[in-house]
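Throughout, read-outs are computed from the coordinates displayed, never taken from laboratory work. If you're wondering where the values come from, they're calculated on a predicted model, not measured in any experiment. Cβ placement follows ideal geometry from the backbone for every residue including glycine, while neighbour counts extend to all protein chains displayed.
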Amino acid sequence: MPPEKEKTPAPPFGGEQFRQLPWLMLAMVILLWVIGSYIIAPGYVKAIPYSDFKGMVQQGALEEVVIAPEKVRGITKAKEGEGRLTYEAVKVEDPDLIKELDAKGIRYTGETANPWLYFILSWVLPLLVLYFIWRAIIGRAGGGATGGGLMAIGRSKAKVYMEKQTGVTFDDVAGVDEAKEELREIIDFLREPEKYRRLGGKIPKGVLLVGPPGTGKTMLAKAVAGEAKVPFFSMSGSEFVEMFVGVGAARVRDLFAQAQAQAPCIIFIDELDAMGKVRSVSPVAGGHEEREHTLQQLLVEMDGFDTRKGVIIMAATNPPEILDPALLRPGRFDRHILVDRPDIRGREDILRVHCKNIKLAADADLKLLAARTPGFAGADLANIVNEAALLAARRGKDAVDMNDFEEAINRIIAGLEKKRRVMNKHEQEIVAYHESGHALVAESLPHADRVYRISIIPRGIAALGYTLQLPTQDRYLMTRAELLDRLTVLLGGRTAEELVFNEVSTGAQDDLAKATDMARSMVTAYGMSEKLGPMTYEPGRRPLFLEPGMAAPRAELSEETAREIDCEVRALINKAHQRAEKILSTRRDILETLTRILLEKETVEGDELRALIGAPRATEAK
Ligand code: ADP
Ligand code: ZN
């Protein structure tokens, strides 16, 4: 794909070169043969019986004879067009030979066997060959088990790759426009580091690309290097985990040294989570020590170098929650960019990128294919195109048609279903109503945060869809009315499901947990219940009312108070539920339209939503 691509394994014994094992052996054999036939016996030697040799002596055909302990060699006189030939025969006890040579006037020399040469050729060389073959086999099989003494070094899979030119551009990565937008600044910086240096602008050192596998994080990092035309260094975090103590850290040090020499450039660490998991509490846990050494070295290197030189560290990870907080501190990976699964338009674009070099039949409709593949990541789509092209080729077609694509999709879905759930049509509908419910309630209430985006693309592990709300301003305090609106929004999803399907799904469980938690805090911590009055029923104030999820420590309560609290919590939730229900049933038509649009487009931006709803909110939240 890229015109010039240089991949250099950094360590000399990386294991990569043993891919050419057969060639290595062939070269050895040829070498042996050359040594055997040219160095010991120069020229082409023809073996003949001793009687023939004797005959040649008697005919006077030879010019020179060499007598070795076990062999005799005769060199013929130069003949027209033939040159001198060498014949060799195994010596036979023949006391008359010398006399005959003397008689014919043939020059003869004796030759002693060279014991060293003989020894080297017959013992040392074969042993060397065996040794190399053995090394090669060990190098290939290595990697799995840990603890192999010194061999672990030669066996390590961890490699640092350097590509002078990745050849990947932003055009090759589709459906991740927001991430690209955020990366533009970094490209600018890499192109002209001096400009930024002069202006004293602050450039992030570390950029963390967060998203599910196969969404194009590696590709994006390569595209940044490609767009900026700078070298791209990469290594994979997981390869360092099983390494021999000290080697991982040394590699990291080496990587940064190499990169700094090549600045401006990009260092990319794939699977950062494998290397940067939260460190174990006890330092003598063992087993993870190497990972911690490596991580420590990475932190040291990140702190130690100066961004202004033009080195940007990018890393990819799926779950950022498990990362060691030290990695996320300012000056390290403090810039996070979300690389999510693409929506329907993004999928169409990705399909188009991958179909660029494929001959499509007239009926191939990429839009339709995008609609058939909800939840697919870029890598899955690339797979589909590839599989479809293979199917078409196997069937002897000269263009890839819709049948091939359909079959490819079915195959890929079957494969994916083993790994993760792919939503069916009905489930998608439920999720769409659910999220529309949240969004519509939020936009109908005066104090709720504005909806930024609704989506039915699965995000993370648990969420099937999401409604993103952004506060209009930073909040330090919240009023009772605001909290009540928030509660109502949380219940909006479940309420919409009830309204439409007359039953509820398990998808609302997280909302309910959050709502209950919030209501309980209102009653017990903020004194917002009329019945119980302005009193706190908790030992300490909850540190963050905006952060539900963590159960508050219960104070010692009388049974009666506890019952009253439960009652009040239930009342708050019921009230919120009723409000949500009222909003959704009076605006049922909008709920339906929004759901249709959401099912079709998969994501709806806040502005589109407000345009659809039309009427501005009763009172603008301030
Ligand atoms: P990640 O690093 O997020 O796991 P990769 O960047 O390795 O994903 O993507 C794997 C392959 O999937 C890429 O080589 C590319 O062919 C395809 N791919 C993934 N995302 C995209 C995208 N957004 N646009 C085009 N191709 C993509
Ligand atoms: Zn919800």
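Highest mean packing comes first when the peptides 264-271, 585-592 are listed by Cβ atoms within 10 Å, giving 264-271, 585-592. Taking 0.36 nm per residue of sequence separation and removing the Cα-Cα distance, the Asp102/Lys202 pair yields an extension gain of 26.5 nm.
Over the range 41-113, Cα pairs under 8 Å with separation of 6+ residues give a relative contact order of 37 percent.
The C-alpha radius of gyration of the range 41-113, expressed as a fraction of 2.2 N^0.38 Å, stands at 1.01. Based on every Cα atom in the range 344-414, Rg and the maximum pairwise Cα distance Dmax equal 10.8, 31 Å.
So the label point goes 7 Å from the Cα of Thr593 along Cα→C-beta, right? Which residues of the range 486-503 then have their backbone N under 18 Å from it? Backbone N within reach: none found. When you count the other C-beta atoms within 10 angstrom of each residue and take the mean per peptide, 106-112, 513-519 line up highest first as 513-519, 106-112.
Extension gain for Arg135 to Lys359 (0.36 nm times residue separation, less C-alpha to C-alpha distance): 76.1 nm.
Length gained on full extension, Asn574 to Asp306: 90.8 nm, using 0.36 nm per residue less the C-alpha separation.
Modelled spin-label separation between Arg610 and Lys397, with each label point placed 7 Å from Cα along the Cα-to-Cβ direction: 4.7 nm. Under the simplified labelling scheme, the Ile48-Asp188 pair shows an inter-label distance of 8.7 nm, with each label point 7 Å from Cα along Cα→Cβ. Modelled this way, with points 7 Å down the Cα-to-C-beta line, the labels at Gln509 and Lys229 are 5.5 nm from one another. With a Förster radius of 22 Å, plug the Cβ-Cβ distance of Asn424 and Ser585 into 1/(1 + (r/R0)^6) and report the FRET value to the nearest 0.05. After rounding, the FRET efficiency stands at 0.20. When the C-alpha to C-alpha distance is required to be over 31 Å, the pairs from Lys180/Lys277; Lys164/Lys205; Lys164/Lys397; Lys229/Lys601 that qualify are Lys164/Lys397; Lys229/Lys601.
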